[in-house]
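**Q** Here you go, one structure.
The values are calculated or read from the model by the stated rules, or taken from the named source; none is laboratory data. Worth saying up front: this structure is predicted, and the values here are computed from it rather than measured. Glycine gets a Cβ as well: all are built from the backbone with ideal geometry, and neighbour counts include every protein chain shown.
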Amino acid sequence: MTELSRNHDLIERCRKGERKAQEQLYRQYFKAMYNISFRLLNNQVEAEDVMQEAFLTAFLKIEEYRGTVSFGSWLKRIVINKSIDVLRLKRIKLEELDRETGTEADQEVDYDVGEQEIPATVFKIREAVKSLPDGFRIVLSLFYFEGYDHSEISQILGISESTSRSQLVRARKRLAELLNEEKNENN
């Protein structure tokens, strides 16, 4: 049974305003949606707030859900948009990161970090990702964890595709550096 058919009944009941159906959808998706928001915001309280607002928005706009994508994908897009709104309120400007590092936004950057063998636990990787600058962390999360391509990321964040690419390359390079530093400290 696909997610679309499995959730069809719950969604129809939500359209009728049934609280139990809303609660079931919430329980089904809250952890994944929280994790998405947390990866972008790197703040528990803000991620919880975004997740709550996203569910509220989804339930208020459930009539707009057409079923052409899974409910989870539709909700994920709401969570990402709300997370980006929070970041915009914090005045994070990804274009400025390019100026700080001395690379033009439209210039292609290609750092070769290689396929280094870096023994790291999931915890170490998670902590290293959390410590990345916001712009790096956001683009890396959208690309690797959420599966968006550079065209989609550029639309979501309001940046150029080349800025998205250069942010991802820099994020990978910085992540490799952080994990190597951790490895060297432990040796």
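**Q** Quickly run through the range 121-136 and pick out the residues that are of a type outside the set (Phe, Trp, Tyr) and in a helix (DSSP H, G or I).
**A** Within the range 121-136, Val122, Lys124, Ile125, Arg126, Glu127, Ala128, Val129, Lys130, Asp134, Gly135 qualify.
**Q** Among the residues of the range 99-115, is any surrounded by 19 or more Cβ atoms within 10 Å (Cβ to Cβ) and either touching a Leu at 6+ places or on another chain (Cβ under 8 Å) or at pLDDT below 65 (or both)?
**A** no
**Q** Could I ask something else about it? Identify, by number, the condition in (1) part of a helix (DSSP H, G or I); (2) at pLDDT 85 or above; (3) outside the structural domain of Leu41 (by TED's automatic domain parsing); (4) out of contact with any His (no Cβ under 9 Å at 6 or more places or on another chain) that Ile80 doesn't meet.
**A** (3)
**Q** If I filter the range 125-158 down to residues being more than 14 Å from Ile84 (Cα to Cα) and among the β-branched types (Val, Ile, Thr), which single residue comes out as modelled with the highest pLDDT?
**A** The selected residue is Val129.
**Q** Regarding the range 44-61, can at least one residue be identified that is within 20 Å of Tyr144 (Cβ to Cβ), surrounded by fewer than 16 Cβ atoms within 10 Å (Cβ to Cβ) and within 21 Å of the chain's Cα centre (by Cα)?
**A** No; the residues of the range 44-61 include none that is within 20 Å of Tyr144 (Cβ to Cβ), surrounded by fewer than 16 Cβ atoms within 10 Å (Cβ to Cβ) and within 21 Å of the chain's Cα centre (by Cα).
**Q** If you don't mind, another one. Cβ-Cβ below 9 Å, separation at least six or inter-chain, first residue in the range 39-68 and closer than 20 Å to Gln22 by Cβ, second not in a helix (DSSP H, G or I): which pairs?
**A** Ala58/Tyr65; Phe59/Gly17
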